[in-house]
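The values are calculated or read from the model by the stated rules, or taken from the named source; none is laboratory data. For clarity, every value in this text was computed on a predicted model and none was experimentally measured. Cβ: placed from backbone, ideal geometry, glycine included. Neighbour counts: every protein chain shown. Surface accessibility is based on the protein's heavy atoms, side chains included, excluding ligands, DNA and RNA. Shrake-Rupley method; radii C 1.70, N 1.55, O 1.52, S 1.80 Å.
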Amino acid sequence: TETDRERDRLDSFPSGDEDNTFTGNVNNEINGKWILAPTGSIHEARLKAKVKRRLRKNSSRDSGRGDSLSDNGDVVHSVVPPTSPKGKLLNRRSRMGKGRGLPKKGGAGGKGVWGSPGEVYDEDEVDVKDPNYDAEQENCVYETVVLPLDGETFEKTVTPIVQEYFEHGDANEVAELLAELNLGSMRGDVPMLAVSLALEAKASHRELTSRLLSELCGRVLTAADVEASFHKLLKELPDLVLDTPGAPQMLGQFIARAVADNILPKSFIDGYKGRVDSEYARAALDRVAVLLRMSRWTGLRFDSLWGSGGGQRPVNQLIKEVNLLLKEFLLSGDTVEAERCLRELEVPHFHHEFVYEAVIMVLESKGDRTLQMILQLLKSLCASTVITVDQLRRGFERVYLDMADLSIDVPCAYSLLEQFVEQSFNAGVIDKKLRDLCPCRGRKRFISEGDGGRLKLSSY
């Protein structure tokens, strides 16, 4: 290599040290004047310096080889110890000789770090000499201020809360949500808004509204707020009747229920005697008077005034109402009325019981008239999507599972079921898969194939 050639050339030079050469050059200065030295010695010094520069450059590239030039020009090979400065510069490992690669200072140092996790800083003492120091702010208490709701914001905020309550029925959640709002002067409009929404809803929602008013009174509302709301509702009855024709009777039931729940005083209607000009308000107050009189004389219970909601009724009660609905349909034959009554039950998750009871009624009647009427009813309800495909399938599957017990009371149940299922498939009520699941009793053989065609005994 080039380095080796330079070393060989250096070895061919005569021995002598560089310092002596330059000393000789210095000695050639006499009286401040330089005397020219021989040309050969200067040329040799330049060559030695050039070789040294090359050796230094090569040794910096290879730190493991500590090549150097001795005083007499010989190249000396040495190994750089690990603790030398060159080794430290090229070694990326920790110089402390310990650690597991964790962040320095336990994660408490570095850019954007305010200290180690869990470290608690003491409060800074206020410097009185600070130019920004304000003595009035030293004892200030900062709190979150919620602005009171105005009319438009109140309706947009409270209406979704009441509508969601109609779905989940949790009055405690409504009370917590209203407590977080700054209702201010609009507090008395909460019962008015809830009753207005309930007038356009179902009977079960009106029952939930009555329970909500009873729950909110004392926690969020006062008795004066409830009384003021019903006064406003009586005044706005002419406008409410435009959307809900039965609003006067319903409002009368709300007032009677509030009196029974002790959130309205019994003397509420006494202040209106002889001072009512609106016929709608008079009808509502007459309804209240009649209900209170019935409660006093006949023991009418106001807790069932609206009826219980679909999902809140006992299962036995729902089964009785379904059977009553089917019997009324067989007497009247009014499909529209039967559909309306089924919707009013508000139990779409329980429609499989309606299908089950209808098929059982077909098997027990043993008549073609009942079969055709029930088939017509199921076809109408499926076409209007009152009964879903899933509920219809569950109802038929329940009948299939109970056929072993039903055949004890109705011996010909299997043949009647096969006939009804086949006609239902032809009418498009059920699909082929549900039809194929229909169970059938095995055929009873009166002639045995293995005994020569001899007839079986009648007792077989």
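For the stretch 289-304, the criterion of being within 30 Å of VAL355 (Cα to Cα) and either among the hydrophobic types (A, V, I, L, M, F, W, C) or at pLDDT below 85 (or both) is satisfied by at least one residue. Considering every residue within the stretch 150-168, establish whether at least one is part of a loop (DSSP other than H, G, I, E, B), without any contact (Cβ under 8 Å) to a residue 40 or more places away in the chain and open to solvent by less than 60 Å² (accessible area, probe 1.4 Å). Within the stretch 150-168 (the criterion being part of a loop (DSSP other than H, G, I, E, B), without any contact (Cβ under 8 Å) to a residue 40 or more places away in the chain and open to solvent by less than 60 Å² (accessible area, probe 1.4 Å)), the answer is no, since none of the residues qualifies. Being β-branched (Val, Ile, Thr) and open to solvent by 20 Å² or more (accessible area, probe 1.4 Å) is the filter here, so list the residues in the stretch 336-369 that pass it. Across the stretch 336-369, the qualifying residue is only VAL336.
Could you list all residues from the stretch 229-263 that are small (Gly, Ala, Ser) and open to solvent by 10 Å² or more (accessible area, probe 1.4 Å)? Walk me through how you get there before you give the answer.
Of all residues in the stretch 229-263, those small (Gly, Ala, Ser) come to 229, 246-247, 252, 256, 258, 260.
Of everything in the stretch 229-263, those that are small (Gly, Ala, Ser) and open to solvent by 10 Å² or more (accessible area, probe 1.4 Å) turn out to be GLY246, ALA260.
Specify the residue that is modelled with the lowest pLDDT; the eligible residues are those in the stretch 199-228 that are open to solvent by 20 Å² or more (accessible area, probe 1.4 Å) and charged (D, E, K, R).
First pass over the stretch 199-228, keeping only residues open to solvent by 20 Å² or more (accessible area, probe 1.4 Å): 200-203, 205-206, 211, 214-215, 217-219, 222-225, 227-228.
Okay, now just the ones that are also charged (D, E, K, R), so 200, 202, 206, 211, 215, 219, 225, 227.
Details: GLU200: 88, LYS202: 83, ARG206: 88, ARG211: 89, GLU215: 90, ARG219: 87, ASP225: 90, GLU227: 91.
The extreme case among them is LYS202.
Of everything listed in (1) in a loop (DSSP other than H, G, I, E, B); (2) modelled with pLDDT of 85 or more; (3) among the polar types (S, T, N, Q), the single unmet condition for SER308 is (2). Counting the residues of the stretch 382-405 that are loosely packed, with under 15 Cβ neighbours inside 10 Å and within 32 Å of the chain's Cα centre (by Cα) gives 3.
Checked against (1) within 18 Å of ASP225 (Cα to Cα); (2) open to solvent by less than 70 Å² (accessible area, probe 1.4 Å); (3) at pLDDT below 90, SER185 meets all criteria but (2). Does GLU328 count as within 18 Å of GLN391 (Cα to Cα) and open to solvent by 10 Å² or more (accessible area, probe 1.4 Å)? So GLU328 does not fit the description; no. Scanning the stretch 189-203 for residues that are among the small types (Gly, Ala, Ser) and assigned to a helix (DSSP H, G or I) yields ALA194, SER196, ALA198, ALA203.
Determine whether SER196 is closer than 24 Å to LEU237 by Cα, out of contact with any strand residue (DSSP E or B) (no Cβ under 9 Å at 6 or more places or on another chain) and surrounded by 17 or more Cβ atoms within 10 Å (Cβ to Cβ). Show your work before the answer.
Working: closer than 24 Å to LEU237 by Cα: yes; out of contact with any strand residue (DSSP E or B) (no Cβ under 9 Å at 6 or more places or on another chain): yes; surrounded by 17 or more Cβ atoms within 10 Å (Cβ to Cβ): yes.
In short, yes.
Pairing residues of the stretch 198-221 that are closer than 13 Å to PHE254 by Cβ with residues that are among the hydroxyl-bearing types (Ser, Thr, Tyr) and modelled with pLDDT of 85 or more, at Cβ distances under 7 Å and at least 6 apart in sequence or on separate chains, gives ALA198/THR209; LEU199/THR244; LEU208/TYR165; LEU212/TYR165. Here ARG206 does not qualify as outside any helix (DSSP H, G or I) and among the charged types (D, E, K, R).
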